[in-house]
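Structure first, commentary second.
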Amino acid sequence: MSETPSRDQPRDNAMSVAAISSERIESDENVWTRRLVFFLRIMAVVSVAKGLYHWAQVTGFIGGEEDAFENQPMAWQTATVYFAVIELVAAVGLWLATPWGAVVWLTTVVSMAVIELMFPGIYGGSLTVVGLEALMLAAYLALAWMAARERPP
């Protein structure tokens, strides 16, 4: 004697069709938070590229014999090692969208701007770099502000 459970057949069909439907239900509740996370992930990729660039300078993969790490001034060596480490740490935190990742990334942005403006002898004092850093900082602050506004207090 086999018992079949009594089920509402139309309800089961509707649930299975809804489960495999390709239409996603998008809510606009956290649109700014999603944009902020997307921005943080883009900045994570940029930070990885910058960190690997600095490590390539340290290890000698880029540059010639006269541009070797050992032949550079101590201030340049110190700044390069600092950015080689902190950019990669920031990239991990940014990719995970953690608060400490944003803080470390903000530290790298401000550090690079300060070095370019206050110590032009180290990396050349490029105002383009300072402008790009300021633009990224402004974009982050705007996105963070909008994301914070959509969450209730």
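The values are calculated or read from the model by the stated rules, or taken from the named source; none is laboratory data. Bear in mind the structure is a predicted one, so any value in this text is a computation, not a measurement. Every residue, glycine as well, gets a Cβ built from its backbone with ideal geometry; the counts of neighbours run over all protein chains shown. Heavy atoms of the whole protein, side chains included, go into the accessibility calculation; ligands, DNA and RNA do not. Shrake-Rupley method; radii C 1.70, N 1.55, O 1.52, S 1.80 Å.
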If only one of Arg11, Arg7 is modelled with pLDDT under 80, assigned to a helix (DSSP H, G or I), out of contact with any Lys or Arg (no Cβ under 9 Å at 6 or more places or on another chain) and among the basic types (Lys, Arg), which one is it?
Arg11
Within the stretch 86-124, track down each residue that is farther than 18 Å from Val45 by Cβ, assigned to a helix (DSSP H, G or I) and among the hydrophobic types (A, V, I, L, M, F, W, C).
Trp100, Val103, Val110, Ala113, Val114, Ile115, Leu117, Met118, Ile122
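Could you please let me know if Ala144 is open to solvent by less than 60 Å² (accessible area, probe 1.4 Å) and closer than 21 Å to Val85 by Cβ? First the steps, then the outcome.
Details: open to solvent by less than 60 Å² (accessible area, probe 1.4 Å): yes; closer than 21 Å to Val85 by Cβ: no.
So Ala144 does not fit the description; no.
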The conditions are (1) in contact (Cβ under 8 Å) with a residue 40 or more places away in the chain; (2) closer than 27 Å to Arg34 by Cα, and Val104 fails exactly one of them. Which is it?
(1)
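Among the residues of the stretch 112-136, which ones are among the aliphatic types (A, V, I, L, M) and either touching a residue at least 60 places away in the same chain (Cβ under 8 Å) or open to solvent by 50 Å² or more (accessible area, probe 1.4 Å) (or both)? Give the derivation first.
To start, the set of residues in the stretch 112-136 that are among the aliphatic types (A, V, I, L, M) comprises 112-115, 117-118, 122, 127, 129-130, 132, 134-136.
Selection gives Val114, Leu117, Met118, Leu127, Leu132, Ala134, Leu135, Met136.
Within the stretch 59-84, count every residue that is part of a helix (DSSP H, G or I), of a type in the set (Val, Ile, Thr) and exposed (fewer than 13 other Cβ atoms within 10 Å of the Cβ). So that I can check it myself, show each step before the final result.
Of all residues in the stretch 59-84, those part of a helix (DSSP H, G or I) come to 59, 69-71, 74-84.
Remaining after also requiring of a type in the set (Val, Ile, Thr): 59, 78, 80-81.
In the following step, the residues that additionally are exposed (fewer than 13 other Cβ atoms within 10 Å of the Cβ) were identified as 59, 78.
Qualifying residue count for the region: 2.
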From the list Ala102, Ala75, Ala113, exactly one residue is in contact with a Phe, Trp or Tyr (Cβ under 8 Å, 6 or more places away or on another chain) and under 25 Å from Tyr140 (Cβ atoms). Which is it?
Ala102
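Being at negative phi, open to solvent by less than 30 Å² (accessible area, probe 1.4 Å) and of a type in the set (S, T, N, Q) is the requirement here; does Thr108 meet it? Steps first, answer last, please.
Values: at negative phi: yes; open to solvent by less than 30 Å² (accessible area, probe 1.4 Å): yes; of a type in the set (S, T, N, Q): yes.
Yes.
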